[in-house]
Amino acid sequence: MSDPTKNQIRAFIVDNFLFGETERAPGDELSLIENDLVDSTGILELVAFLEERFGIPIADADIVPTNLDSIARIAAFVARKHAAVG
């Protein structure tokens, strides 16, 4: 997935879960869940952001760590959803 997509996801995480602390921005492969950056409520916020920002539908079955546990996984998930939609 493109760097702009990863950068948009990272910016959302920094702004919403790290309160703008850019020096704590997670790397592409860092587990957001295991490192307590995102909790269950945060996952729902992330899903809403992804649906709105990238225009993709996200089903309940899609809300799993395989898709949403790191910036790299999220970006790959967005790419797969875009490919499936269009």
| Every pair of residues 6+ apart whose Cβ atoms lie under 9 Å, when the first sits in the range 37-62 and is on the phi > 0 side of the Ramachandran plot while the second is surrounded by 10 or more Cβ atoms within 10 Å (Cβ to Cβ) and not basic (K, R) | G55/H82; G55/V85
| note | With the first residue restricted to the range 7-25 and required to be farther than 19 Å from S40 by Cβ and modelled with pLDDT of 90 or more, and the second required to be of a type in the set (K, R) and assigned to a helix (DSSP H, G or I), Cβ contacts under 7 Å at 6 or more apart or on different chains are Q8/R53; A25/R10
| remark: Restricting attention to the range 26-61, the residues that are outside any loop (DSSP other than H, G, I, E, B) and of a type in the set (A, V, I, L, M) number exactly 7
| said: Restricting to the range 9-25, give me the number of residues that are surrounded by fewer than 17 Cβ atoms within 10 Å (Cβ to Cβ) and in a helix (DSSP H, G or I). | reply: 6
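The values are calculated or read from the model by the stated rules, or taken from the named source; none is laboratory data. Owing to the predicted nature of the structure, the values given are computational and were not obtained by experimental measurement. When we count neighbours, we look across all protein chains shown, and the Cβ atoms used for this are built from the backbone with ideal geometry, even at glycine.
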